[in-house]
1. Identify, by number, the condition in (1) under 16 Å from the mean Cα position of the chain (by Cα); (2) open to solvent by 30 Å² or more (accessible area, probe 1.4 Å) that residue 130 doesn't meet.
2. Where residues in segment 41-87 are open to solvent by less than 10 Å² (accessible area, probe 1.4 Å) and part of a loop (DSSP other than H, G, I, E, B), which of them is farthest from the ligand (Cβ to nearest atom)?
3. Of all residues in segment 35-81, count the ones that are closer than 16 Å to residue 19 by Cα, without any contact (Cβ under 8 Å) to a residue 60 or more places away in the chain and not aromatic (Phe, Trp, Tyr).
4. Does residue 122 satisfy the condition of being free of Cβ contacts under 8 Å to residues at least 12 places away in the same chain and either open to solvent by less than 80 Å² (accessible area, probe 1.4 Å) or in a helix (DSSP H, G or I) (or both)?
5. Answer with yes or no whether residue 134 is among the aromatic types (Phe, Trp, Tyr) and either within 16 Å of the ligand (Cβ to nearest atom) or farther than 17 Å from residue 164 by Cβ (or both).
6. Condition first: in contact with a strand residue (DSSP E or B) (Cβ under 9 Å, 6 or more places away or on another chain) and either more than 16 Å from the ligand (Cβ to nearest atom) or not small (Gly, Ala, Ser) (or both). Now tell me which residues in segment 29-40 satisfy that.
7. Would you be able to say whether some residue in segment 102-117 is away from the ligand (no atom under 16 Å from the Cβ), under 20 Å from the mean Cα position of the chain (by Cα), open to solvent by less than 50 Å² (accessible area, probe 1.4 Å) and of a type in the set (A, V, I, L, M, F, W, C)?
8. Report yes if residue 142 is surrounded by fewer than 22 Cβ atoms within 10 Å (Cβ to Cβ) and more than 16 Å from the ligand (Cβ to nearest atom), otherwise no.
Amino acid sequence: MTQVQVLSDKPALIAHALDLIVDTINTTLKEKERLTIALAGGSTPKPLYEALAEKSLPLEKIHIFWGDERYVPGDHPDSNQRMARQAWLDRADFPAANIHPMPTGSNDPSLDAQTHNQELEAFFGVKAGELPMFDIILLGMGDDGHTASLFPQTEALTISDRLITVGNKDGQPRLTFTYPLINNARYVIFLVAGENKRPALAEIFSPDGDETLYPAKAVKPQGELLWLLDEAAGEQVKEI
Ligand code: 6PG
């Protein structure tokens, strides 16, 4: 089921996302021994991660992944891993084994994508061709309608036979979840703020929008999909 919630401003969006995620973690861990969450990169989720660092959570049961990663070392200023560690993970007492960054160290993005694909299959105990089911996947959306590192009119949009592939942003390689992996999640939450996102959202919520031009439009999880928008981004998006 798809839901759209428009909050008054970015702080309200972050506060609401925090409550939702904490509730989902606690509810899920009543019925499961562990929870898997894939983090979004970019700038929007950083205050959310900072707020999560203040929460008392059963960290030993929470496993952290990333939906995409820039192809840089984990301590590089552009690294999504670095951002999340500084904002949350290094400020909380996660077991090191619960944090599963995307590998970016082999100098071969395709090889690292394959490695992480195997890591996911092993962690979830699935065979090649089977899809793991993440409990929560957090996603952002670029002004151009990309999400994770699924950029408009790139080959990554067409990959359907694996979990992880190489994205391409203006010639720069990235690692990214593929659509099949994203769309097999129990709960996908988009966090989108700012007026500059409005044109892409208009396309995504239009029946005529082109998914190859606005890749976030093709995120249609078998579980729940929630778009959390601030007014600046989502004023014209009709409530679904
Ligand atoms: C990344 C992200 C990317 C991001 C969007 C939105 O690696 O940059 O995964 O998909 O979510 O570009 O970024 P902002 O939140 O900074 O607008």
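1. Going through the list (1) under 16 Å from the mean Cα position of the chain (by Cα); (2) open to solvent by 30 Å² or more (accessible area, probe 1.4 Å), residue 130 breaks only (1).
2. This residue is 79.
3. Counting residues in segment 35-81 that are closer than 16 Å to residue 19 by Cα, without any contact (Cβ under 8 Å) to a residue 60 or more places away in the chain and not aromatic (Phe, Trp, Tyr) gives 11.
4. On the way: free of Cβ contacts under 8 Å to residues at least 12 places away in the same chain: yes; either open to solvent by less than 80 Å² (accessible area, probe 1.4 Å) or in a helix (DSSP H, G or I) (or both): yes.
Yes, satisfied.
5. Numbers: among the aromatic types (Phe, Trp, Tyr): yes; either within 16 Å of the ligand (Cβ to nearest atom) or farther than 17 Å from residue 164 by Cβ (or both): yes.
The answer is yes for residue 134.
6. Of all residues in segment 29-40, those in contact with a strand residue (DSSP E or B) (Cβ under 9 Å, 6 or more places away or on another chain) come to 29, 34-40.
Listed by number, the residues that qualify are 29, 34, 35, 36, 37, 39.
7. No, segment 102-117 contains no residue that is away from the ligand (no atom under 16 Å from the Cβ), under 20 Å from the mean Cα position of the chain (by Cα), open to solvent by less than 50 Å² (accessible area, probe 1.4 Å) and of a type in the set (A, V, I, L, M, F, W, C).
8. Numbers: surrounded by fewer than 22 Cβ atoms within 10 Å (Cβ to Cβ): yes; more than 16 Å from the ligand (Cβ to nearest atom): no.
Answer is no for this residue.
The values are calculated or read from the model by the stated rules, or taken from the named source; none is laboratory data. Since this is a predicted model, take the numbers as computed values, not measurements. Don't worry about glycine lacking a Cβ; one is built from the backbone with ideal geometry, like all the others, and counts go over all protein chains shown. For the accessible areas, the whole protein counts, side chains as well, though only heavy atoms, and no ligand, DNA or RNA atoms are used. Shrake-Rupley method; radii C 1.70, N 1.55, O 1.52, S 1.80 Å.
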